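> I'd like to ask some things about the structure below.
Nothing in this text is a laboratory measurement; each read-out follows from the coordinates by a stated rule. Predicted model, so just to flag it, every value in this text is computed and none were measured. Note that we place each Cβ from the backbone using ideal geometry, even for glycine, and neighbour counts take in every protein chain shown.
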Amino acid sequence: MAGLVYFSSRSGNTARFVQALGGPAQRIAVAMDAPLPMPLAPFVLVCPTYADGTGRGAVPKQVIRFLNDPVRRGLIRGVIAGGNRNFGATFARAGDVIARKCNIPVLYRFELAGSETDIARVRAGLNTFWGMVCLTTA
Amino acid sequence: MKDIAQTRPVPRAINWNRLQDDKDLEVWNRLTVNFWLPEKVPLSNDVQSWATLRPEERELTIRVFTGLTLLDTIQNTIGAPAMLPDVQTPHEEAVLTNIAFMEAVHARSYSSVFATLCSSKEVDQAFRWSEENPHLQAKAAKILGEYAAGADPLKRKIASVFLESFLFYSGFYLPMYWSSRGKLTNTADLIRLIIRDEAIHGYYIGYKFQRATETLPETRRQELKDFAFALMFDLYEIEAHYSEALYDGIGLTEDVKAFLHYNANKALQNLGYEALFPPAACEVNPAILAALSPDSENHDFFSGSGSSYVIGKAVATEDEDWDF
């Protein structure tokens, strides 16, 4: 199974979600001048949403910087988006933006740091998903 | 002159170009972009729909809205200002004053709904009810106790997050329920604007709480966590009684309680804590979830609804259009 790359601001919600999932995960740092992870294998991105009421600014700048590199972008296979349903139509919008830009599926949406149910679904889902990805790329 | 200079800190002008915490500007920007007033929502389009509600449903709705008005009033005049002396940055002070003002807008909005839909007699009765209802008064008293002068500033933040992210939801349930049945849909639009604001408030205050506690000794952190869970238990008990008193009549209490459990867990997550209620207790009616985030994309791969997705092997975007 390949790994996860994730961004989490200092509120730590996405970091707690990824930690609860377990497994290998590389973090995109909050500091804009920090070195970026350089994944060598296909990965799934876990990304929170920071959209305003109109949906602008959904994807954190740090994640844009990470994906602006074609090599890294070539390895992304799916996105799992964090958010809060209380933001209405823009709930987990970062997932939709990244999916469209990278031509990859939104694998899952979760709120804040995720629930027990979310963790179980994503663990099972990732196992199945990586199996499918291996079959299609073999 | 010299004495004054020694005893009083130098008044400092706020400089938004020198941030100690980027989150302050991020949240300030989000709150100001999201600014709204009730006049923006065409509430009068709900007049016909209001007339289709039975008298007891109308009474319930007005009571629920007076209960929400009370919480907004408390947060506007006491809760948010009470956190000002304990800020960690000058920018946090500015954000808190924005939060305080928006709570006044929220409280004012319910009166717009009343003025549009209800008779002043019905409304006066409901305000009287809000002053006499023991459960509503109990939750107000519990929160105000934590806001009181001399109270622990970190426990004040905990109480504030619970007000913003938990206590409103026994009330927010009802307009989401009406909206899911195609009723009072404009009022629901207004409530969604309030819900959006409260989500940012709870997130931000919870974030500042986490920042303030990360350097504290373990014993103090544990004390705060024990306090938070104990306060949540107490508030939950009050909320359960409050919900029964309001919703037993239309048979929705159990549905409301699932929504309370779900929101209690989210409030705890805002403080950086784990969930209290197990998943089985948090299965919110899907119609209510859909009413919370209408038009949001809900099909995803792992939930099974996205099985027709084609997995893209190569990435087709150009670098230029990615630079957004």
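> Taking the criterion of being surrounded by 15 or more Cβ atoms within 10 Å (Cβ to Cβ), part of a loop (DSSP other than H, G, I, E, B) and among the acidic types (Asp, Glu), would at least one residue in the stretch B:223-239 satisfy it?
no
> Might you let me know whether the stretch B:235-242 holds any residue that is at the interface with another protein chain (Cβ under 10 Å from one of its Cβ atoms), within 18 Å of the chain's Cα centre (by Cα) and under 24 Å from B:Asp197 (Cα atoms)?
no
> Here's another thing I want to ask about it. Could you run through the stretch A:88-136 and say how many residues are out of contact with any strand residue (DSSP E or B) (no Cβ under 8 Å at 6 or more places or on another chain) and without any contact (Cβ under 8 Å) to a residue 60 or more places away in the chain?
Counting residues in the stretch A:88-136 that are out of contact with any strand residue (DSSP E or B) (no Cβ under 8 Å at 6 or more places or on another chain) and without any contact (Cβ under 8 Å) to a residue 60 or more places away in the chain gives 17.
> Could I ask something else about it? Can you pull out the residues in the stretch B:4-50 that are part of a loop (DSSP other than H, G, I, E, B), among the hydrophobic types (A, V, I, L, M, F, W, C) and under 19 Å from the mean Cα position of the chain (by Cα)?
Across the stretch B:4-50, the qualifying residues are B:Phe35, B:Trp36, B:Leu37.
> Do any strands (runs of 3 or more DSSP E) entirely within the stretch A:27-138 hold 2 or more residues that are surrounded by 15 or more Cβ atoms within 10 Å (Cβ to Cβ) and facing chain B (nearest Cβ under 8 Å), and if so, which?
Where strands (runs of 3 or more DSSP E) fall fully within the stretch A:27-138 and carry at least 2 residues being surrounded by 15 or more Cβ atoms within 10 Å (Cβ to Cβ) and facing chain B (nearest Cβ under 8 Å), they are A:76-83, A:106-111.
One line per residue, one yes/no per condition, for (1) surrounded by 13 or more Cβ atoms within 10 Å (Cβ to Cβ); (2) under 19 Å from B:Tyr203 (Cα atoms):
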site	(1), (2)
B:Leu25	yes, yes
B:Arg30	yes, yes
B:Phe35	yes, yes
B:Pro42	no, no
B:Asp46	yes, no
B:Ser49	yes, no
B:Pro55	no, no
B:Thr61	yes, no
B:Val64	yes, no
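> If you go through the stretch B:155-171 one residue at a time, do you hit one that is of a type in the set (Asp, Glu) and either surrounded by fewer than 23 Cβ atoms within 10 Å (Cβ to Cβ) or more than 14 Å from the chain's Cα centre (by Cα) (or both)?
no
> For the stretch A:39-63, what are the residues that are over 12 Å from the mean Cα position of the chain (by Cα) and aliphatic (A, V, I, L, M)?
A:Leu40, A:Ala41, A:Ala51, A:Ala58
> Does the stretch B:94-107 include one or more residues that are of a type in the set (S, T, N, Q) and under 27 Å from B:Arg54 (Cβ atoms)?
Within the stretch B:94-107, not a single residue is of a type in the set (S, T, N, Q) and under 27 Å from B:Arg54 (Cβ atoms).
> Residue check, B:Lys266 against (1) surrounded by fewer than 18 Cβ atoms within 10 Å (Cβ to Cβ); (2) in a helix (DSSP H, G or I), all met but one. Which one?
(1)
> Take the residues in the stretch A:1-26 that are over 16 Å from A:Arg77 (Cβ atoms) and part of a loop (DSSP other than H, G, I, E, B), then tell me which one is nearest to the other protein chains (Cβ to nearest Cβ).
Top of the filtered list is A:Ser11.
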